[in-house]
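Student: My questions all concern the structure below.
The values are calculated or read from the model by the stated rules, or taken from the named source; none is laboratory data. Here the structure is a predicted model, which means the values were calculated and not measured. As a convention, Cβ positions derive from the backbone with ideal geometry for all residues, glycine included, and neighbour counts pool all protein chains shown. The protein model used for the area step is the full one, side chains on, heavy atoms only, and it has no ligands, DNA or RNA in it. Shrake-Rupley method; radii C 1.70, N 1.55, O 1.52, S 1.80 Å.
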Amino acid sequence: YKTNKKQVTSICWNPRYRDLFAVGYGSYDFQKNSSNAAICVFTLKNPSHPEYYFETPSEVMCLKFHPQQPALLAVGLYNGTVMVFDIRIKGAKNNPIYQSTVRTKKHTDPVWEVHWNKKESNRELSFYSVSSDGRVTRWTLMKNKLEPEDIIRLKMVAPPAQKGENRVDLDEEMALSGYAGGMCFSFNKFVDHEFLVGTEEGRIHLCSIDYSGDYLKTYQGHYLAVYNVKWNTFHPDVFLSLIHI
């Protein structure tokens, strides 16, 4: 198995089979070139040997089982690729059933988190991804490919203007500096079109699936990268954020 000298970068329990969980292997040593990695699916009944094993062309950064289709596993990689595996398919190569490519507008930077869409229509499954390239993208599982749709591009936000500074100049400077790196996101259980995005710059943006033009609100409580953000499952207006100090 290609898990030697790899770090565990993500873990996800299966929603139906309570003894089953997936483990993604990768590395947080970003100075090294991205290399092959793997996903292992274990059962608590036999934790010494994986039930299922999948190789990936780059480091695994995140993974998530579908909440209603427990055999489907969405995966995000360090090289910007997203994949979907069907763990029921056993074979010599265990290839993904879906994989983003340059032609289908794969991310150009690491994919930090994936979430399955709970508002699926016309029986088309889809999931969201967030990446350091500044995109939050929805991927729809079509018959033969993943169909991408950018939900929002994370524009840089200027800090509060200091005495003597021109706010318009600051906004123009930020507009020229590219996109903010997305690190994490969380969807609101009570308002299903709203989600939060944490960025490398330390800001947290409230966004809407229905409105890609701009942020609904921006929270500026951090000055370092936001590595995790989670809505409270009991209160629609409360969330937690995490940074590394």
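Student: Can you give the FRET efficiency to the nearest 0.05 for residue 191 and residue 101, using r as the Cβ-Cβ distance and R₀ = 41 Å?
Tutor: 0.75
Student: So how much slack lies between residue 31 and residue 123, counting 0.36 nm per residue of separation and subtracting their Cα-Cα distance, in nm?
Tutor: Fully extending the segment from residue 31 to residue 123 adds 28.9 nm.
Student: Can you tell me which of 88, 153, 135 moves the most in a GNM of the chain? Springs connect C-alpha atoms under 10 Å apart.
Tutor: 88
Student: So how do 233, 108 rank on accessible area, 1.4 Å probe, biggest first, that is with the largest at the start?
Tutor: 108, 233
Student: Leaving ligands, DNA and RNA out of it, rank 217, 106, 32 by accessible area with a 1.4 Å probe, largest first.
Tutor: The most accessible residue leads, giving 32, 217, 106.
Student: Could I ask something else about it? Specify the longest stretch of the chain that does not include any exposed loop site, a site being one of the chymotrypsin sites (Phe, Trp or Tyr not before Pro) with a non-H, G, I, E, B DSSP assignment and at most 13 other Cβ atoms within 10 Å.
Tutor: Counting only loop sites that pass the neighbour cut-off, the longest clear stretch is 31-189.
Student: Further, regarding this structure: Which percent of the accessible heavy-atom area of the chain goes to carbon and sulfur, probe 1.4 angstrom?
Tutor: 50 percent
Student: Further question on the same structure: Modelled label-to-label distance, residue 43 and residue 206, 7 Å Cα→beta-carbon offset: nm?
Tutor: 4.5 nm
Student: Return the FRET efficiency for the residue pair residue 108, residue 69: r is the Cβ-Cβ distance, R0 is 22 Å, and the value is rounded to the nearest 0.05.
Tutor: So the FRET efficiency works out to roughly 0.15.
Student: Using the heavy atoms of the protein chains alone and a 1.4 angstrom probe, what is the accessible area of the chain per residue in square angstrom?
Tutor: Value for the chain: 56 Å² per residue.
Student: At 7 Å along the Cα-to-beta-carbon direction for both residue 224 and residue 4, put a label point, then send me their distance in nm to one decimal.
Tutor: Rounded to a tenth, the inter-label distance reads 3.4 nm.
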